[in-house]
Structure formats: C-alpha cells, structure tokens
Amino acid sequence: MTTPLRPLAVLGAGTMGHGIAYAALAAGYPVRLYDVWAPQLAKASGAIAGIAAKGVELGKLAKDEAEAVVGRLTTTTVVAEAVRDAAMVIEAAPEKVDLKLALLSEVQAAAPADAVIASNTSALSITEMAAVLDRPARMGGMHFFNPVHKMKLVEIVRALDTSDDTVAAMQQVAAAMGKETVLIRESPGFITSRINAMIGNEAFYMLQEGVASARDIDKALKLGLNHPMGPFELGDLVGLDTRLSILQYLHRTLGEKFRPCPLLEQHVKAGRVGRKAGRGVYDY
Ligand SMILES: NC(=O)c1ccc[n+]([C@@H]2O[C@H](COP(=O)([O-])OP(=O)(O)OC[C@H]3O[C@@H](n4cnc5c(N)ncnc54)[C@H](O)[C@@H]3O)[C@@H](O)[C@H]2O)c1
C-alpha cells in the first residue's frame, strides 16, 4: 500500500489559486484551499468541479476519479487551518507586496517546520518575501500560467537563500501535476515575462516607426515565427495597461532596453487598453 500524500495548501482561491488547487488535486494531493472571502471559496469549488466534469466529458478522467479529485478538496477562511499539516504551501494571493508579507508571517506561525513555501507571484521578489520567514531556505517561487490546468510550464524560482532541497521539492510537485519546469535564479520577469515584454515593446516601436501595419506585424509573428498569437492581439487581450506596468517595472530593474515605447504609453493615456475597453491597437 502506498503512503498517502501529505496535504498541499493553496492560499488565494482566485484565477490562479483554483487552477493550482485543481492541478494538485488531480495529482493526488489532499488540498486545503484558503481565501479571505467565503463566497470566493464556493466559486472556486464550483470551478474545480467544473474542470473535473469537463475532464470526464472529454474522456480524460473516469467518473470515480473526478469524484475523488473533488473529494480531496477542503476549503477554509482560516490560514492556520489551511497550512497546519501541509507539506507545501503555494501562495496565490493578490500581487501586493504588503499583503503577501503579512500572509507569509501568518503561514510561518502555523505551518509545520519542514513545509516548503512557494509563491506564484508574477514579478515580486521572492527573496524579499523569504526574508520575513525564520527559514528562508524553505521558500522559492512556482510561477504557473493561466489557465493552470491547460498550460504545461511552471517556472521554478530560486531566491537568494532557497535550498537545493526546496528546489527539488518544488520540481517534484510540479512534475506530479504533469508540468514541465525551468529553473531560474531570481530575476525580474523570470524568463517568460521578460522575453514577452521585449517582443511586445519592440512591436510597438516598429508600428511607431511605420515599419509595417499592426495586422502585418501580427501576421508575420504568427506565420513566420509560429507564435500562436501576434504581439498586438496578445497585448489587447492581456490589457495594454498591464503590459505597460510590467515594462515600467523591467525598465526600473533591468535598465534602458525595457524603456516603454511612447506609442504604447499613448494608447494607455487614451484609455485604449485593449479588449476590456473595446479598443486597443484594434477595435472590438
Ligand atoms: N492571472 C494570471 O494570469 C497570473 C499568472 C501567473 C501568476 N499570477 C499571480 O498569481 C497571484 C494571484 O493572481 P490571480 O490572477 O489569481 O488573482 P485573483 O484576483 O484572481 O485572485 C486572488 C484571490 O486572493 C484572495 N485574497 C485577497 N486577499 C487575500 C489574502 N490576504 N490572503 C489570501 N487570499 C486573499 C481574493 O479574494 C482572490 O480570490 C498574483 O500574485 C499574480 O501576480 C497571475
């Protein structure tokens, strides 16, 4: 008989948290999902059951497996309850440093001494977060992609004090979830956001210089470089305001080559921030 897996706690039950919880449940972990807001936990439980049901419909999951996945989930609005018996805690709370630091202090007071603590932050410093812990060696980054149950990659981030054991534990959990990993020494934008910001910004410079139309730049990247979406289509989808704030951060931390293109800044000033506004580079 195999030993049952120790639970995994997921903190924050939003877009990323519910997806990470599903991936962990499907890998066989009992999952304790925490959120400050009870209705969000109900919504996340419904979304998790929905992903499992879709899996059954597509023939990827047997009906009893889907029931077992949902059965391994417990939800709570109390941090200590979520983390008290967890082998790993994955933090997926809002991207605000003060909020994350306060949450981590609560985690450390209640989690087992050997628990690995991973943050799903998109851009904040894991080293700064680990500094609030007694055991910074037990903390690292696990950067998942949206939607988590479909996206294959997890960027594993080694902060200044992250130990080899912690890196190995994060890699092992990601592999159990069926994900591929890449290992990164902590650096702004990791691999994906840094490259993606550069491509999006360069596309705006080309548009500003009149090198080609937006449609042709998108078409060239899709058909010539095999990108699934063009940089303007993607920017409009994510939101040009979000794209600009990532670039501003990379410009501050990594220097001149990330200076946001003036044409991108103009789009944001004009409120042309993408699909959500009905207008970005394209009209919707
Ligand atoms: N959305 C993405 O595409 C994406 C991709 C990779 C990483 N991330 C990162 O993942 C994290 C979560 O992002 P999201 O998109 O899931 O956000 P979200 O707003 O969808 O969800 C955040 C959840 O955290 C809850 N929350 C608020 N305060 C909290 C607290 N003190 N403790 C615990 N939970 C709290 C909210 O109720 C909400 O349910 C952020 O750090 C973000 O940068 C997001």
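The values are calculated or read from the model by the stated rules, or taken from the named source; none is laboratory data. Values in this document were obtained by computation on a predicted structure and should not be read as measured data. Positions of Cβ are backbone-derived with ideal geometry, glycine not excepted, and every protein chain shown enters the neighbour counts.
Miscellaneous remarks
- Scanning the range 169-217 for residues that are small (Gly, Ala, Ser) and over 19 Å from the mean Cα position of the chain (by Cα) turns up Gly200, Ala203, Gly210, Ala212, Ser213, Ala214.
- Set side by side, the residues Val132, Val79, Val154 differ, and just one is surrounded by fewer than 19 Cβ atoms within 10 Å (Cβ to Cβ) and either over 24 Å from Asp35 (Cα atoms) or of a type in the set (Val, Ile, Thr) (or both), which is Val132.
- Residue count for the range 116-133 under the criterion of being within 19 Å of Phe144 (Cβ to Cβ) and in a loop (DSSP other than H, G, I, E, B): the result is 6.
- Pair list, Cβ < 6 Å and 6+ apart or interchain, from the range 117-135 residues that are assigned by TED's automatic domain parsing to the domain that holds Val167 to residues that are within 14 Å of the ligand (Cβ to nearest atom) and small (Gly, Ala, Ser): Ser119/Gly141; Asn120/Ala92; Ile126/Ser119; Ile126/Gly141; Met129/Ser119; Val132/Ser105
- Residue list for the range 143-197, filter: under 30 Å from Leu264 (Cβ atoms), hydrophobic (A, V, I, L, M, F, W, C) and in a helix (DSSP H, G or I): Ile195, Ala197
- Scanning the range 80-91 for residues that are free of Cβ contacts under 8 Å to residues at least 40 places away in the same chain and near the ligand (Cβ under 10 Å from one of its atoms) turns up nothing.
- Some residue of the range 47-54 being loosely packed, with under 14 Cβ neighbours inside 10 Å, in a loop (DSSP other than H, G, I, E, B) and more than 10 Å from the ligand (Cβ to nearest atom): no
- Qualifying residue in the range 27-39 (condition: assigned to a helix (DSSP H, G or I), modelled with pLDDT of 95 or more and touching a Phe, Trp or Tyr at 6+ places or on another chain (Cβ under 9 Å)): no
- Residues that are under 19 Å from Asn146 (Cα atoms) and more than 17 Å from the chain's Cα centre (by Cα) within the range 235-255 comprise Gly235, Asp236, Leu240, Asp241, listed in sequence order.
- Count of the range 94-111 residues, restricted to those that are part of a loop (DSSP other than H, G, I, E, B) and either farther than 18 Å from Gly14 by Cβ or not assigned by TED's automatic domain parsing to the domain that holds Asp35 (or both), is 1.
- Among the candidates Ala66, Ala24, Ala82, residue that is of a type in the set (A, V, I, L, M, F, W, C), within 17 Å of the chain's Cα centre (by Cα) and part of a helix (DSSP H, G or I): Ala24
- Single match in Leu99, Leu103 (criterion: of a type in the set (A, V, I, L, M, F, W, C), at pLDDT 95 or above and surrounded by fewer than 17 Cβ atoms within 10 Å (Cβ to Cβ)): Leu99
- Failed item in (1) loosely packed, with under 14 Cβ neighbours inside 10 Å; (2) of a type outside the set (D, E, K, R); (3) within 16 Å of the ligand (Cβ to nearest atom), with Gly12 passing the rest: (1)
- Which listed residue is of a type outside the set (Asp, Glu), near the ligand (Cβ under 10 Å from one of its atoms) and without any contact (Cβ under 8 Å) to a residue 24 or more places away in the chain, from Pro39, Pro94: Pro39
- Condition check for Arg158: more than 21 Å from Val83 (Cβ to Cβ), assigned by TED's automatic domain parsing to the domain that holds Ala26, among the basic types (Lys, Arg) and away from the ligand (no atom under 16 Å from the Cβ): yes
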